[in-house]
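The values are calculated or read from the model by the stated rules, or taken from the named source; none is laboratory data. Keep in mind that this is a model prediction, so the values were computed, not measured. Positions of Cβ are generated from backbone atoms using ideal geometry, with glycine treated the same way; all protein chains shown enter the neighbour counts.
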Amino acid sequence: MDKILEGIVTSEHPEGVKRALISKILNSASQQTQKGQIEGVLQLSSRWICNEDSIFLQEVGQQVFEAWAVHHRDVLEDFLCQNFLVSVFVTEVNNPARVLRFVKECLRIISDTSQACSLLQKQSISLSRDYPDIAVLAELSSLLLDFPSCMPEGNYSFALIQYIIRHLSKLRTPVTENEQRKCLLDVTLISKAVNSIWHRNVQAIPPSLTCLFEVISQVSVEDAALAPSPALGSLVQFIPENVIELVIKKVTSNPAVSDEQLKTALTRIVDWLSWPGVRNVDQWAISFLKSLASVQKFSILIHVTIATVELVFLKLSFPLVRRSAMAVFEHMMLSFQHSPEAFHKITGQVPDIVSKLQSENSASSQECCKRLSELLYTLMYQFPGYPELYVPVIEAIKMYPRPPEDTMKASLLLVKWTATKSLFGLSSKFAPRSETGKAGLVNLGNTCYMNSIIQALFVIKGFREDVLNFPLAVSKQSVMVQLQTTFAFLAHTQRAAYSPEKFLEVSRPPWFNAGAQQDCSEFLKYLLDRIDEEESTLLKLQASPIADRSSHGNTSPSKKDGILRDSSDGPLPTTPAKPSNTLVQNYFGGKSMTSTRCLKCDYVSHREEAFVDIPLAFPETDATSRTKGLGGGDAKKRPCPDVAVCESEDLHEAKIVEMDQGPSSVHTLVDEGFTPDEAYAYQQASGSSQTPKEKDLETLLKHYFSPELLSGDNQYHCDSCHHLQDAQKTSHIIKAPEILVLTLMRFSYDALLQRRCKIQDHVKLPKNLNLLRKNQNLMVGPRLDSEEDEEERTLPETKKLKADEMVEDGDEESVDYTLIGAVVHSGLSSESGHYYCYGRTDYIDDSLTSLDAHGNREEQWCLFNDDRVSHSSFESLSNISSRFCNDTAYVLFYQKLSSRQSTSQHFTNTAVRATFQDMVARDNSAYLQEQELEARREKSSRRTVLADQQWYKAKDPDDRNEPPGGCGLGGGGGGVPSGHLVF
C-alpha cells in the first residue's frame, strides 16, 4: 500500500487527480492487513508530515496517517516506541517542531502512552540541548503540558530547565507584529511548562534559580548587545513571594558575589518589566532593591536607579506592563531620598506620559494617573526649590488633588534607605556641565544656604574680580583665601559642580551645627564680617613698623589670630594702592542717620550707623487682636525682628509673629483648646492657613523708613529738657551702598506656638529700584559721629507714624538700582526647607552680553540650585510665589546703576591670578584623568568578573554542586543594553 501511495504522489497527474485517487485508497484503511503493510503506510505518511516542505504532501500525509492510525492503534504504538522515537532524533532533524507536533498527535491516539512517555523523558533533554529555537521549545513545552508523564524526573528535570533558561536568554525581539505575538505565546507556553516541572519536582527550584542568576549576572564585555532577554522574567512569575525574598537575600548577602554582578543582575531584573503580561516581576525587582538596602549596598542602588529610572517611567504608557512598572517606579522614587537626581531625570517627560495616560482613558490609565500624581506631589514635597523643573509637572497634574502632608511623610518613611549624608554626590561625579556654561556647587549636606550666598556674590562682577585679585597674604585657613579659591573654580573649572569643603570648614559660624539647615542671611552677615575683619587686620599689619621691617627682611612676621601666612610662604606683599575702605565697605557698606526729635522742645539728636544690609519687616495688618497678650499682659504690637540675626535661643522669647492668619489659624485652634503642637500639626496637614497676601518691595522700604512715635513706657530722654518726653524717631540713608542687600524678615518666633514660623506673603519685586538718600549736610542739631559714641536705648515700645506726620530734615536725592540676584527660600521655617539663587549672569561677563533690538543690554538670568544650573528669567523669579506658595524671595541683591564699574579696587596682582589659574588647571587635568581612570576601572572590573565566573563554562547537568551565582548591574548599570519588548 505504501508503494501505491508513493507512486500516486510522484506521478504526473494533476494535484486534484492525485487527491481523488488517495481519497479512494483511504476507504481501505479500516481493512485488516499485515502489520508490515500498516507500518509501511505509517512510515511513509510520517515522513511526509515531518520532513517534506510541500504543503500537498504534508496534507496528504496527515490524511493517510490519521486514517490508518485510528484503525490500527496497537500497530501505531509499536511503530512509535520501537521505530520512530528511537531513530528520529539520532540525526539532525530539519523540522523538529513538526516532529514534536506529530508525536503529540500519536500520543493522543494510542491507548497506552507509558512506554512512549518514558522514551520522551530522555529525548526531551537532547531536544532542548540541540535545538535552541524558541518555536521548538514551545512545541516541546506544549507536549509536556498535555502529557505530564513525559516530563523528565530528578536531575533530568533541572537539566531541561537549564537548557531552557540559556536558550531563552538569547531570544531576540522579533520585527513584525505577527512574529511578536507568536513569540509571546511561545514564551508563555515555555514558562507554564517550567512551572509545571517545578510543581512536580520542588527540589529543582533552587538550582534552576541559581542558573538563572548566573545568566543575568554575567557581565558581558565582548558584545553588550547579547544581554539576556527580558523574556526570562516569564519563567519566575509563578515563584511564591516568600521564596523570592529568600533567594534574593541569599544572593545579596553572599560575599562571593561581586558588586558588578549585583548591579548587572538587578538592572536585568528591572528590564524584565519590558515583557508583557508577566506577573510578580515587580516583586522580584522590589525585593532586590530592599535586600540591597538592608545590606547597605547604597552605591549599587544609586547606580541602578539612575541608570534605569527613565526606562521604567516610560513603561507606564504601555497597558500590558503598566501595573508592574508603576510599582517598581514608585518604590525607586520614594526610596531615593538623599538626592533629587533620580526624580529630576524624569520630570521633563511627565507632561507627555500624563497626556498619554489621559488620552487612553481606561480604568488602568486613570488609576495610574492618580497614583502618579500623588507620587509626584510627594517628590516635590521631598525636594522643594526647583521651580524651573516643577512648573510643567504641576501644570500636567493640576487636576489631581495634593495629598495631605502626613500621607506624604508616611510614604517617604515607609521605604527610606538611610539618612546617611555620605550618599550626596555618588551618582553625579562625572555629570556633564550645565548648558549655561556655569558651574554649580555640591551640596555637602544641607549647605544650600551657603551655596546660594556664594553664587549670589559671584554674580557681582567687580566684587568677584577684586576678591580674585586680592593680595594673597593670608593663611590658607582664612575665609578670603577659600573664597578666592571657590570663585576661581566657579569661573574656570571643567567640572559640572565644585565641592567647597574647605570653604565650608573655615566660613561656617561656630554656632552652626554641621549638617543642619541654617539661615542664609545670618551666614551672609557672618561671612562679610569675617572678610572685613581679615582685610582690616591685614591692612593694619602692612602699615605697622613690623610689616615695614619684614618687607626689608629684618624681621619675620609673627602670626596673629591665624591671619598671617606661615613664614615658609614668604614675606607679606605690599598692596599696590591701599584703598580707603575694605572690599566689604566699598561694595556693601552704607550709612544711615537716625534722628530723634523731642516733641516738647524740638531738640534733635542724630546718630550715624553703618550697615551692610537692610532688614525689611512686614507691615502690621489686622493682627492687633491676635497678638494682644501673646507675650503676657496687654503687650502692644511692635515690628518683629528677624531671627536670622539672633545667635541664641533666649533672644527669641520676646518675638511675636507678624502673620495675619484667618479664622482657621493655629491661634484660633489654640483658643479652642488645642495644644500648640496639635494646632500647628493640624494646620500643616490640612493646609487650612489663609492664602498669603501680596505686598510690594517699595511698601516694605517705606514702612522701614517711616517715623516712629516714642511715647508712654517708651518715651525718649531729651538731653535739652533733661526729662522723658514724647519724641519722633526717623531714619534716613546718607550713604547708599554700591550693592544694596535687602533681607525680607520672614522668619519669626511665635510665643504662643513656641516655634519659629515663616511669613509666606508674596513680595512683588521691581526690576529697578529707587532709593532716597538724604543730604547729610542739611541735617540740624547735635550729631553723634558713630554708633560707638553712645549706646542705643532699648525701646520696649515703638509705633510707626503715618506718612503725613513725617518731619523733613533735608533734601533728598534718588539713587537708582537694578536687581542682579535673589536668594529664594522654599519651605516653612528657617530650620528646614531649601535655598536656591537667581542670578543675572549678563553682569558676570560682559563678553557674553548681547543687545536687544533697541540697543539695550539683554538680560540673562540663571537659576543656581546647588550642583544644578539652568537658564531662567526675571519673570520666573517674580512669579515664583504664585506657582509655589512656599517658595519666597528672602535676600535680594540690587546693584547701583550709576557706577557699576567704579567700585572695583583693581588690585594688580598678576601672580595671585596666575596662582589660582594654575590651581584650577591642575584640577581640570586631574578631572580628565579621573574620567579616564574610571572608564578603565569599569572596563577592567567587568573583565575580572567575567574571568572569575567559572559557572559560565559548559557543565555536565548532573554535576550541580557549585554554589549559587549572584545578581547585579554590569558594566556600570547604564551600559547594559536589553531588548525592550513592549507590545
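Couple of notes before you dig in:
- Beta carbons closer than 6 Å, at least 6 apart along the sequence or on distinct chains, never pair a first residue in the range 264-289 that is at positive phi and among the acidic types (Asp, Glu) with a second that is surrounded by fewer than 24 Cβ atoms within 10 Å (Cβ to Cβ) and not in a helix (DSSP H, G or I).
- Filtering the range 14-57 to residues that are surrounded by 16 or more Cβ atoms within 10 Å (Cβ to Cβ) and among the basic types (Lys, Arg) leaves 18, 19.
- The criterion of at least 2 residues that are touching a residue at least 60 places away in the same chain (Cβ under 8 Å) and closer than 30 Å to residue 452 by Cα is met, among helices (runs of 4 or more DSSP H) falling completely within the range 308-409, by 322-335, 341-346, 387-396.
- Scanning the range 321-352 for residues that are under 18 Å from the mean Cα position of the chain (by Cα) and among the β-branched types (Val, Ile, Thr) turns up 328, 346, 347, 350.
- Residue check for residue 157: crowded, with 17+ Cβ neighbours inside 10 Å, among the polar types (S, T, N, Q), over 26 Å from residue 40 (Cα atoms) and at pLDDT 90 or above: no
- Residues that are under 20 Å from residue 73 (Cβ atoms) and of a type in the set (Lys, Arg), drawn from the range 86-143: 101, 104, 108
- Test: residue in the range 219-241 that is of a type in the set (Phe, Trp, Tyr), out of contact with any strand residue (DSSP E or B) (no Cβ under 9 Å at 6 or more places or on another chain) and assigned to a helix (DSSP H, G or I): no
- For the residues 86, 9, 64, 60, the requirement of being buried (at least 16 other Cβ atoms within 10 Å of the Cβ), in a helix (DSSP H, G or I) and at pLDDT below 80 singles out 9.
- Checking 222, 241 one by one, the residue that is modelled with pLDDT under 85, under 20 Å from residue 325 (Cβ atoms) and surrounded by fewer than 20 Cβ atoms within 10 Å (Cβ to Cβ) is 241 and no other.
- Yes/no for residue 80 being under 26 Å from residue 208 (Cβ atoms) and out of contact with any Pro (no Cβ under 8 Å at 6 or more places or on another chain): no
- Residues located in the range 726-748, provided they are under 39 Å from the mean Cα position of the chain (by Cα) and either over 19 Å from residue 697 (Cα atoms) or among the polar types (S, T, N, Q) (or both): 743, 748
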